[in-house]
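What follows is a single structure, written as structure tokens, with notes after it.
The values are calculated or read from the model by the stated rules, or taken from the named source; none is laboratory data. Keep in mind it's a predicted model, so treat the numbers as computed, not measured. Glycine gets a Cβ as well: all are built from the backbone with ideal geometry, and neighbour counts include every protein chain shown. To get the accessible areas, we keep the full protein, side chains included, count just its heavy atoms, and leave off ligands, DNA and RNA. Shrake-Rupley method; radii C 1.70, N 1.55, O 1.52, S 1.80 Å.
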Amino acid sequence: ESEKLAERGAEEQFQMAVSLPSFAPASWSPDNPVLYEFTATLLAGSDTLHRMTRKVGFKQLEIRNGDFYLNGSRLRVHGMDYVTEHLGGGRALSASQLGRDLKAMKDLGVNLIRVPFGPPPPALVDLADKIGCLLLVEAGVDGVPAPFLSSGKYRELCRQAYARLTDMYGNHVSVLGWGIGSQLEWQ
């Protein structure tokens with residue numbers, strides 16, 4: 001499909017067709033993880049150049065007087081850290097193992113997971129959307145000595161990495177917040 005796009009002339013007209021639900025969507029929450037299928041199609045004349053389908057959810061988050069409100073209701077957070085590693089496979093976890101881990105955490109009453117030491121696997125974020133678990137996503141800037149933190153080049157590299165991270169996970173309904181990392185030597 002990318003070859004079709006490269007062959008097209010600069011003067012040609014392109015259209016984007018988007019399918020949206022014809023009803024008022026329900027709000028997503030950990031207790032009610034409602035997702036909708038969103039499809040966007042890039043057209044040039046009668047040719048379909050690209051089609052993208054994603055699962056999306058809708059939520060409203062507010063902070064009032066130091067309390068979180070999700071979809072107008074006060075959110076009591078019950079969270080834990082989750083390092084995506086296992087004894088037999090290290091960081092190479094299957095989607096089924098991630099799903100078992102998330103289900104076990106939900107069974108314990110956890111509704112928020114912090115994923116430290118770097119970006120979470122994409123499958124984890126998709127599963128969190130699906131089963132209703134809020135996430136705190138970190139860029140993984142951990143244990144960096146102060147001289148590096150004050151370097152303009154290092155800060156620019158961090159900014160670029162953080163921009164990629166928010167581009168990748170910014171539209172996931174389960175993502176509650178973002179972190180840089182931990183164990184930094186701030187001055």
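Only one entry in 110, 83, 34, 18 is in contact with a Cys (Cβ under 8 Å, 6 or more places away or on another chain) and either part of a loop (DSSP other than H, G, I, E, B) or open to solvent by 60 Å² or more (accessible area, probe 1.4 Å) (or both), namely 110. For residue 23, indicate whether it is closer than 17 Å to residue 129 by Cβ, of a type in the set (Phe, Trp, Tyr), modelled with pLDDT under 95 and in a loop (DSSP other than H, G, I, E, B). For residue 23, the condition - closer than 17 Å to residue 129 by Cβ, of a type in the set (Phe, Trp, Tyr), modelled with pLDDT under 95 and in a loop (DSSP other than H, G, I, E, B) - is not met.
Give the number of residues within region 134-150 that are farther than 30 Å from residue 70 by Cβ, open to solvent by less than 40 Å² (accessible area, probe 1.4 Å) and not in a helix (DSSP H, G or I). Before the answer, list the steps.
If we filter region 134-150 for residues that are farther than 30 Å from residue 70 by Cβ, which is where we start, we get 143-150.
Checking which are open to solvent by less than 40 Å² (accessible area, probe 1.4 Å) leaves us with 144, 146, 149.
Add one more test, that the residue is not in a helix (DSSP H, G or I), and what stays is 144.
Of the residues in that region, 1 qualify.
Inclusion of residue 100 among residues that are outside any loop (DSSP other than H, G, I, E, B), open to solvent by 50 Å² or more (accessible area, probe 1.4 Å) and in contact with a Leu (Cβ under 6 Å, 6 or more places away or on another chain) is not warranted.
For region 131-166, filtering for residues that are at pLDDT below 85 and polar (S, T, N, Q) leaves 2. Please verify whether region 152-169 includes one or more residues that are open to solvent by less than 70 Å² (accessible area, probe 1.4 Å) and assigned to a loop (DSSP other than H, G, I, E, B). No - not one qualifying residue is present in region 152-169.
Only one entry in 45, 9 is at pLDDT below 80 and surrounded by 10 or more Cβ atoms within 10 Å (Cβ to Cβ), namely 45. When each of 125, 77 is tested for being part of a loop (DSSP other than H, G, I, E, B) and touching a Leu at 6+ places or on another chain (Cβ under 7 Å), the lone residue that passes is 77.
Applying the set (1) modelled with pLDDT of 85 or more; (2) open to solvent by 60 Å² or more (accessible area, probe 1.4 Å); (3) more than 21 Å from residue 60 (Cβ to Cβ) to residue 117 leaves exactly one unmet item: (1). For beta carbons closer than 6 Å, sequence separation of 6+ or different chains, a first residue in region 114-125 that is farther than 15 Å from residue 139 by Cβ and a second that is aliphatic (A, V, I, L, M), the qualifying pairs are 123/95; 123/98; 124/98. Pairing each residue of region 51-67 that is over 21 Å from residue 169 (Cα atoms) with any residue that is not small (Gly, Ala, Ser), provided the two are 6+ apart or on different chains, yields C-beta distances under 7 Å for 67/74.
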